[in-house]
Amino acid sequence: MPDISIKAETIFNIFGFHVTNSYFTSVVVVLLFLGVAIYYHKQITADSKSNLFYFLHFIIQSIYSLFSSVLGDKVVIFFPLVISFFLFILLQNWFGLIPGVGSILLNHVPLMRGGNADLNTTLGLALISVSMIQFYGIKFLGLRLYLKKFFDFSNPINFFVGILEVVSEISKILSFAFRLFGNIFAGEVLLTIIAFLIPILASFPFILMELFVGFVQALVFSMLTAVFINGAIAKHN
């Protein structure tokens with residue numbers, strides 16, 4: 001039975017910095033993400049556009065329309081953030097399913113591992129998301145009005161509701177991080193066990209399922225970010 005580690009494993013060190021297999025995978029995905037973004041940007045102004053550009057443009061336009069239903073006329077402001085979450089998480093999830101990821105070893109340790117199967121990665125994404133929710137809330141409502149949602153001393157009920165709001169904002173970090181980590185790590189474990197028990201093509205249906213799960217998790221993360229931003233910038237009575 002193959003070893004299944006819940007935490008990322010160090011593959012090498014750079015000046016004392018431990019480079020883990022999930023971090024290495026995330027760097028590869030970031031470079032891939034950057035390459036796709038540069039390609040798409042260049043194709044926008046190109047005289048002759050490729051089929052790949054039209055495919056990417058269709059996907060982005062479809063997602064834009066989806067987020068418009070949540071963010072309304074402010075989708076132009078928030079779309080760069082939510083589409084970045086969606087595409088980065090999606091690439092992370094799908095890259096972890098490529099043959100060789102998890103099976104190519106370096107010093108008896110997998111060279112690469114799905115980036116979102118590391119809690120450090122999902123926690124980082126969660127912190128960015130929740131921080132941006134607070135940032136936009138303050139930007140659109142002003143510091144005083146936004147903080148009043150959490151610290152309202154007009155009466156005991158509003159004060160108690162404010163405390164619950166504080167707890168709710170903190171719980172969003174844990175919810176974001178553990179939901180994404182749990183689903184992706186569980187899929188990684190499932191594929192590892194199936195491949196070990198029945199190694200010949202038995203894992204193919206499960207890979208298809210994980211492709212769908214990876215898409216759904218990317219959409220859920222970005223959509224919840226959009227919903228919470230919309231709630232944060234809304235004026236409260």
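The values are calculated or read from the model by the stated rules, or taken from the named source; none is laboratory data. Values in this document were obtained by computation on a predicted structure and should not be read as measured data. Every residue, glycine among them, receives a Cβ derived from its backbone with ideal geometry; neighbour counts consider all protein chains shown.
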How do the pairs read when you match residues in region 174-195 that are loosely packed, with under 15 Cβ neighbours inside 10 Å with residues anywhere that are outside any helix (DSSP H, G or I), using Cβ under 6 Å and keeping only pairs 6 or more apart or on different chains? V189/I4
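Matching residues to (1) modelled with pLDDT under 85; (2) not β-branched (V, I, T):
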| residue | (1), (2) |
| --- | --- |
| L143 | no, yes |
| P156 | yes, yes |
| I198 | yes, no |
| S203 | yes, yes |
I'd like to know if region 41-62 contains one or more residues that are among the aliphatic types (A, V, I, L, M), at pLDDT 85 or above, surrounded by 12 or more Cβ atoms within 10 Å (Cβ to Cβ) and within 30 Å of A234 (Cα to Cα). yes
Within region 30-58, residues being among the aromatic types (F, W, Y) and touching a residue at least 24 places away in the same chain (Cβ under 8 Å) number 1
Test: residue in region 7-23 that is surrounded by fewer than 13 Cβ atoms within 10 Å (Cβ to Cβ) and of a type in the set (F, W, Y): yes
Every residue from region 86-130 that is over 14 Å from the mean Cα position of the chain (by Cα) and either in a helix (DSSP H, G or I) or free of Cβ contacts under 8 Å to residues at least 12 places away in the same chain (or both): I98, P99, S103, I104, L105, H108
Could you please find all residues in region 139-173 being surrounded by fewer than 16 Cβ atoms within 10 Å (Cβ to Cβ), under 12 Å from A234 (Cα atoms) and in contact with a helix residue (DSSP H, G or I) (Cβ under 7 Å, 6 or more places away or on another chain)? none
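Is it the case, given these coordinates, that T25 is polar (S, T, N, Q) and modelled with pLDDT under 85?
Numbers: polar (S, T, N, Q): yes; modelled with pLDDT under 85: no.
Criteria not met by T25.
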Looking at region 94-109, can you tell me whether even one residue there is at pLDDT 85 or above and out of contact with any strand residue (DSSP E or B) (no Cβ under 6 Å at 6 or more places or on another chain)? yes
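Working only within region 159-187, note down all residues that are closer than 21 Å to I229 by Cβ and small (G, A, S). Working first, answer last.
Pass one, region 159-187, residues closer than 21 Å to I229 by Cβ: 161-162, 164-180.
Residues satisfying the conditions are G162, S168, S171, S175, A177.
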If you scan region 139-159, which residues turn out to be under 22 Å from L174 (Cα atoms) and either touching a Lys or Arg at 6+ places or on another chain (Cβ under 8 Å) or aliphatic (A, V, I, L, M) (or both)? L147
